[in-house]
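The structure under discussion appears below in the form of structure tokens.
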Amino acid sequence: MRNRFLLGMMVLSLIGMTSCKDEIDQFDDHGSSTIVSFVGSEKAYMGDSITFDFEVKSGGVKINQAKIQLYYGEEMVSEAFYSLKADGKYSGKVLAPYQKNTPDGEAKVILRIQNERFSNDSKEMTVAIERPKYQLLKLVAANGKEYTMTPVPGKEYEYKAREAFPADMEASIIAPAYSDGTDNPYLQGNKLQFGMDNGKIALNATKGIGFETTGYDEDGKYEITFNTLTFEGSPFPKFGVRFDTQNKFMEFDGSGNVFYLEAEFKKDDIIKISGIKEEYAELWKNPTWFDLVNGDETLLHFRGRDGKYKLTLDKGMKAIMMEQLENASSSNTQNATAMWVIGNDKIGFPSYAQNNINWNTGKAFNLVPLTDTKYELILLVGQNVNGVNFKFFGQKGWGTEWKGPGVYTTKEGGNYVKYASDGNFNANDTWPSGKYMVMTVETSTNPNGLWIKALDELPLYEMGE
């Protein structure tokens, strides 16, 4: 009985050993795989698809697959796989990637083959890789219009186009399939497209590149450039204000969340806050001082008279603020040179909830001077004001003040206000929530003229008005 048991155990062990050997054996290489020849071009250009011819043979086990790998230095930058059905001659392609800031040099190309039981072989060759020097590039605007970019003399890999482009020009750049004219059968050039990705010019990015000028030349044109080595282009948006009607650009001063500039503004100036494209939609555009421009939400129409002003971009409050720098104080209410509003905790800009004045003179808000004597304030009920208790002053602080009712002659909307004992504005009829209250004061008359209107929405500025 014992002998039968031992015999059975021996048989099971032999079966187990055979099974394990079979499992191990299936991963061992069997037969042979040989690369008979491997030929291709000794020179290629970045962006090319490079063809290689190769011949393979196997012994004992069927040939299975091949792959071609291309290295820039020690980094494999491209790889192509091919299924092989039998011994014989084949052709395969691998891409020479077009990369920024990669110098000309030698690339290593390795062909690797393998049969069905993992027997393999490899061969290596060297290809000299150069960056193409194009005769021209195409600049393709978002509307499909094409412009030619030509080489810049003395600046290798730099191209330019100079036209009467729009101030904001969204476009892609196309490099044609390159050929050096030798009709090399192993090389196939590929068309390349450059777009914008995360604020930078990138190959194969589908979003248009956002070029933006800071001013036109005297002939009404400006230049767009692109470097095919560094992928740098110009002009790109700078952080500041573009004055389209004055053909000038001023960069912001400041730090943290608060940036400002002091500049001469002209009546009906069209401006753009530049360099904050992603944040712009969230900004409070200050309707007292600026109209939105119909047809282009990125532009603002300046409502004030000519003069020197301070524009502040407060990223923390997400607001554009304005104040006068010239004649910013009035000695009296007759022919006033400036007007400011100071009030309680229910009035503020960009909202009373975020930044209420609460009788803090440092937060006084400057009314826009439409003319030398006419001033205007626009309040969105529910956002800028909620409960009326404020007064107009002649400076950013205490001093000259407009005490109603004697100082005003109400021309329109007298039902909206009454006056407290201290001369402050209070609400008479309820100010309708969600409407814009437009308060206009003409100081050339005595008493001053006062107009109050409630608007459902503010008009857009029409270019050419």
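If you scan the stretch 52-76, which residues turn out to be in a strand (DSSP E or B) and within 35 Å of the chain's Cα centre (by Cα)? Before the answer, list the steps.
Step one: list which residues in the stretch 52-76 are in a strand (DSSP E or B), which gives 52-59, 63-72, 75-76.
Passing the criteria: L70, Y71, Y72, E75, M76.
Being surrounded by fewer than 19 Cβ atoms within 10 Å (Cβ to Cβ), charged (D, E, K, R) and not in a strand (DSSP E or B) is the requirement here; does K108 meet it? Spelling it out, it is not the case that K108 is surrounded by fewer than 19 Cβ atoms within 10 Å (Cβ to Cβ), charged (D, E, K, R) and not in a strand (DSSP E or B). Report, by residue number, each residue of the stretch 91-105 that is in a loop (DSSP other than H, G, I, E, B) and of a type outside the set (D, E, K, R). Hits for the stretch 91-105 are A96, P97, Y98, Q99, N101, T102, P103.
Only residues that are assigned to a strand (DSSP E or B) and surrounded by fewer than 18 Cβ atoms within 10 Å (Cβ to Cβ) were counted in the stretch 144-157, giving 5. Might you check whether a residue that is part of a loop (DSSP other than H, G, I, E, B), surrounded by fewer than 17 Cβ atoms within 10 Å (Cβ to Cβ), of a type outside the set (A, V, I, L, M, F, W, C) and on the phi > 0 side of the Ramachandran plot occurs anywhere in the stretch 300-313? No, the conditions are met nowhere in the stretch 300-313.
For every residue, the table says whether it meets (1) touching a Cys at 6+ places or on another chain (Cβ under 8 Å); (2) over 24 Å from I320 (Cβ atoms); (3) surrounded by fewer than 15 Cβ atoms within 10 Å (Cβ to Cβ).
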{"position": "P432", "(1), (2), (3)": "no, yes, yes"}
{"position": "V441", "(1), (2), (3)": "no, no, no"}
{"position": "N446", "(1), (2), (3)": "no, yes, yes"}
{"position": "K453", "(1), (2), (3)": "no, no, yes"}
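Just one residue in the set F249, F226 is at negative phi, in contact with an Asp or Glu (Cβ under 8 Å, 6 or more places away or on another chain), buried (at least 17 other Cβ atoms within 10 Å of the Cβ) and not in a loop (DSSP other than H, G, I, E, B); that residue is F226.
Checked against (1) over 24 Å from I201 (Cβ atoms); (2) in a loop (DSSP other than H, G, I, E, B), G47 meets all criteria but (1).
Sort out which residues of the stretch 28-44 are within 22 Å of K133 (Cα to Cα), small (G, A, S) and outside any strand (DSSP E or B), and write them in order of number. Even if it seems obvious, please write down each step before you answer.
Looking only at the stretch 28-44, we keep the residues that are within 22 Å of K133 (Cα to Cα), and these are 41-44.
In the following step, the residues that additionally are small (G, A, S) were identified as 41, 44.
S41 - this is the single residue of the stretch 28-44 that is within 22 Å of K133 (Cα to Cα), small (G, A, S) and outside any strand (DSSP E or B).
Look at the stretch 77-90: where a residue is in the same structural domain as G60 (by TED's automatic domain parsing) and outside any loop (DSSP other than H, G, I, E, B) and a partner is basic (K, R) and surrounded by 12 or more Cβ atoms within 10 Å (Cβ to Cβ), sitting 6+ places away or on another chain with Cβ atoms under 9 Å, you get E79/K67; A80/K67; A80/K93; F81/K67; Y82/K67; G88/K57. Has the stretch 421-431 got any residue that is within 13 Å of V341 (Cβ to Cβ) and either at pLDDT 95 or above or touching a Pro at 6+ places or on another chain (Cβ under 7 Å) (or both)? Yes - at least one qualifying residue is present in the stretch 421-431. Just one of (1) under 20 Å from K318 (Cα atoms); (2) at pLDDT 90 or above; (3) not in a strand (DSSP E or B) fails for D268. It is (1).
Criterion first (in contact with a Lys or Arg (Cβ under 9 Å, 6 or more places away or on another chain), surrounded by 18 or more Cβ atoms within 10 Å (Cβ to Cβ), in the same structural domain as I320 (by TED's automatic domain parsing) and among the β-branched types (V, I, T)) does T400 satisfy it? Don't jump to the end; show me each part of the working.
Values: in contact with a Lys or Arg (Cβ under 9 Å, 6 or more places away or on another chain): no; surrounded by 18 or more Cβ atoms within 10 Å (Cβ to Cβ): yes; in the same structural domain as I320 (by TED's automatic domain parsing): yes; among the β-branched types (V, I, T): yes.
The answer is no for T400.
The values are calculated or read from the model by the stated rules, or taken from the named source; none is laboratory data. A quick note: this is a predicted structure, and the numbers were derived from the prediction, not measured. Here the Cβ is made from the backbone with ideal geometry for all residues, glycine too, and neighbour counts use every protein chain on show.
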